[in-house]
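The values are calculated or read from the model by the stated rules, or taken from the named source; none is laboratory data. Quantities reported herein were computed from a predicted structural model and do not represent experimental measurements. We place every Cβ from the backbone using ideal geometry, glycine too, and count neighbours over all the protein chains shown. Surface areas here come from the heavy atoms of the whole protein model, side chains and all, with no ligands, DNA or RNA. Shrake-Rupley method; radii C 1.70, N 1.55, O 1.52, S 1.80 Å.
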Amino acid sequence: MITENTLTLMQNEVSKAHQASIAVGLTKNKQREYVGFLQDDIVNSDATIGDMLFEIGSTSKTFTSLLLAKLVNEGRITLDDPISAYKPEYKKALTYKGKDVTFRHLATHTSGLPREDMKTIRKNIKEDKKRKNNPYKDFSPADLHRFFSNFTLTKDVGKKWAYSNLGVGLLGNTLAEICDMSYENAIKTHILEPLGMNDTMITVKNDQMDRYVKGYTKKGEPVPPIELPAINGAGAFKSSINDMLTYLEHQIGIRENSLQESISMTHENQHVKAVKGIEMGLGWMIENNKWSDVPIIQHGGTTVGFHTYCGFMKKHKIGVVIFSTIQIPFVRLLRMVTGLEDLVNVNIANSIFKRHLPI
């Protein structure tokens, strides 16, 4: 199922990077395949490529939105409940011109909240430049509380898409409090265990670190595992290709589970335009391409060391997971930001989807 063309695209990526790894996993009609190139220092004879651990970054947001959908379907909350009903101390940060930020707004990036608390993050990095390789580690729950206690919302709510890690971090924290658990335990209990995902976690134990893929900076320095203690729901999970393929098989409906109604809810178009050709589901991005008869439902994830892609076509029962640890030159980054080039791993994913579309 994975062709020479895919291998060529993968090899092209790692050949331009320092000590880079890349792996692709594919599931179609209950069949799986994966392949990868890993730098020599992490190859472990006891673990296959499909069982190596990598950072999924913002793909974690889809776990957060699935927990949201589950609580909605259980009647514990509604999508349009105001967050300030659960966080009254943040009322000033979550209301503008009489309109409240809701669960739906946080899950679709239409809250009007900024992407990050850059003032605090810059301050932390200025104090210790080594923090730039793990910039959220020292952004604490107390920092997050301070931000929302002091912030005044100045943008219209529900009007415009603007990606916000702060917003989804707050969403995850609020849902966890409703569940009376930590965020990690809430996702494990309500999402991962029902889906049979036993190799997905925020906290990687010492005896699992030999499976943890290493990322490197442009200078060849190892990047520490990501930590986001204040906003875990925005991007803190680590997983394996096999576990993420299990996740996609639940998304496309070829595995039975107790969450199917909630999973389907996260795929529903919320009629929010993110960027050209992409609208929002709950957490997931719904991508429409001229070359496809159906949308790709997908979410990427980027950390300091990793680039992850997770996407699927429900109708055609196909899902793709990709991770890589390449470094991006500034010129390429500029081309990505301006839309002149696909984001990392997207070209590989699209080549696979195109090949498996019905003729």
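The table that follows gives values for the structure above.
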| quantity | calculated |
| --- | --- |
| Only listed residue being closer than 22 Å to residue 265 by Cα, out of contact with any strand residue (DSSP E or B) (no Cβ under 7 Å at 6 or more places or on another chain), among the hydroxyl-bearing types (Ser, Thr, Tyr) and touching a residue at least 40 places away in the same chain (Cβ under 8 Å), chosen from 183, 86, 90, 96 | 183 |
| Any hit, the stretch 247-254, residues being open to solvent by less than 10 Å² (accessible area, probe 1.4 Å) and free of Cβ contacts under 8 Å to residues at least 60 places away in the same chain | yes |
| Check on residue 236, at pLDDT 95 or above, within 18 Å of the chain's Cα centre (by Cα), outside any helix (DSSP H, G or I) and under 30 Å from residue 16 (Cα atoms) | yes |
| Filter pass, residue 189 being surrounded by fewer than 22 Cβ atoms within 10 Å (Cβ to Cβ), of a type in the set (Val, Ile, Thr) and out of contact with any helix residue (DSSP H, G or I) (no Cβ under 7 Å at 6 or more places or on another chain) | yes |
| Options 61, 92, 87; residue that is basic (Lys, Arg), within 23 Å of residue 302 (Cβ to Cβ) and either surrounded by 13 or more Cβ atoms within 10 Å (Cβ to Cβ) or in contact with a Gly (Cβ under 9 Å, 6 or more places away or on another chain) (or both) | 61 |
| For residue 70: the one exception among (1) at pLDDT 95 or above; (2) in a strand (DSSP E or B) | (2) |
| Matching residues in the stretch 287-296 - criterion: being farther than 17 Å from residue 276 by Cβ and either open to solvent by less than 20 Å² (accessible area, probe 1.4 Å) or among the β-branched types (Val, Ile, Thr) (or both) | 294 |
